[in-house]
Structure formats: C-alpha cells, structure tokens
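The values are calculated or read from the model by the stated rules, or taken from the named source; none is laboratory data. Model, not experiment: these values are computed from the prediction. Positions of Cβ are backbone-derived with ideal geometry, glycine not excepted, and every protein chain shown enters the neighbour counts.
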C-alpha cells in the first residue's frame, strides 16, 4: 500500500508544484541536488522577533521554503534506521542552504523580503543551521499541517509511530535574510 501511495504522490508532485506556484532554486533544472522548492509569500502568522532583532510581521514578504518531500521519501526508501533518515534530511538541508542564500541574494524582490520561513515537524536540528522556531498559533492551520505531516510520517516510518507524532508538532521555522546570507552566501560547494 505504501509503495502505491508513494507512486501516486510521485506522479502528482509536478501538479502540486504548479498549483503551489513553487520554483526550483535553479530554474529549468528539476533534477538537482538542492532539496528546496520556494516561493515568495506574504507571512500570515503572528509577529515574530528573531534573535538578531529582525521582525517578521503579518503581510511581510518572506521566501517560503518547501522540502521536496517525495524526493526525500524515495531517497530514504531503503533506510530502516530513523537516525540515518534524520541525518540524511539534515545533510540535504545543510548542503542546500548556500544555494538558497545565493537565490535570495540575486532575487529581484530581495529588498522587500524580510527572511525565510518554512513549516516543519522535524525542527530538532534546525537551530544548528541558524533557524529559529515559533509555534503555529492558528488552531485550524496547525491541524491542517499536522494532518499533512501524519501522511508524510506514515510514508517515511516503518511502522509509523504515534509517539513520534505526539512529540513532533508542526512549527514555523525562520531565518532572517541577513543571517542566511551571513552564514551561507558564497559558500556553495562547486564539487557537487
């Protein structure tokens, strides 16, 4: 059953990509190592003040990051160890951040963008990468995101764990534009 759902998701993913108005970091290249797909969005949550003093307020422009989940699921298909899966995701994100910083630096709306945000339930190691977390305060939106993470977790875990779902609630993750560029700009590995 799991293979069937993953197969359907793999087929549907290009449609989702278009509906969600996502963009690859390197346009025109859908088979790249970067794990992010992005779009410019208006932030709709409560105001967040990051450690560097950056304020992200309702309707501020942010670069919203989406992990390419189906790609990760397919890459981790033969991994049985949850720690190996977590390390794989962490490495993919860490290796993708320099290109994300470059993409934001060169974006035509760079001056209007306050920072980068995402939503994830696997935010344990995000602080080491420069991200900060904030709770999703809208209960309906939090429930919708939690439901989508149940599906993703069901496809990733052998077997899915209710304990994991209880301890991994979706949260916003943020990094200011300045922090992203300070940490990652001009650090692209050209050997990949």
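Only one of 34, 78 is within 14 Å of the chain's Cα centre (by Cα), modelled with pLDDT under 90 and either in a loop (DSSP other than H, G, I, E, B) or within 21 Å of residue 133 (Cβ to Cβ) (or both). Can you tell me which?
34 is the lone residue from the list that is within 14 Å of the chain's Cα centre (by Cα), modelled with pLDDT under 90 and either in a loop (DSSP other than H, G, I, E, B) or within 21 Å of residue 133 (Cβ to Cβ) (or both).
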Checked segment 51-66 for anything touching a residue at least 60 places away in the same chain (Cβ under 8 Å) and exposed (fewer than 13 other Cβ atoms within 10 Å of the Cβ); matches are 51
Selection over segment 110-130 where residues are touching a residue at least 60 places away in the same chain (Cβ under 8 Å), surrounded by fewer than 15 Cβ atoms within 10 Å (Cβ to Cβ) and touching a strand residue (DSSP E or B) at 6+ places or on another chain (Cβ under 8 Å) yields a count of 0
Of the residues in segment 37-75, those that are assigned to a loop (DSSP other than H, G, I, E, B), touching a strand residue (DSSP E or B) at 6+ places or on another chain (Cβ under 7 Å) and farther than 22 Å from residue 182 by Cα number 5
query = For residue 48, are the conditions met, namely being under 28 Å from residue 151 (Cα atoms) and either within 11 Å of the chain's Cα centre (by Cα) or surrounded by 15 or more Cβ atoms within 10 Å (Cβ to Cβ) (or both)?
reply = no
If we keep only residues of segment 1-20 that are modelled with pLDDT of 80 or more and surrounded by 11 or more Cβ atoms within 10 Å (Cβ to Cβ), then the residue farthest from residue 92 (Cα to Cα) is 20
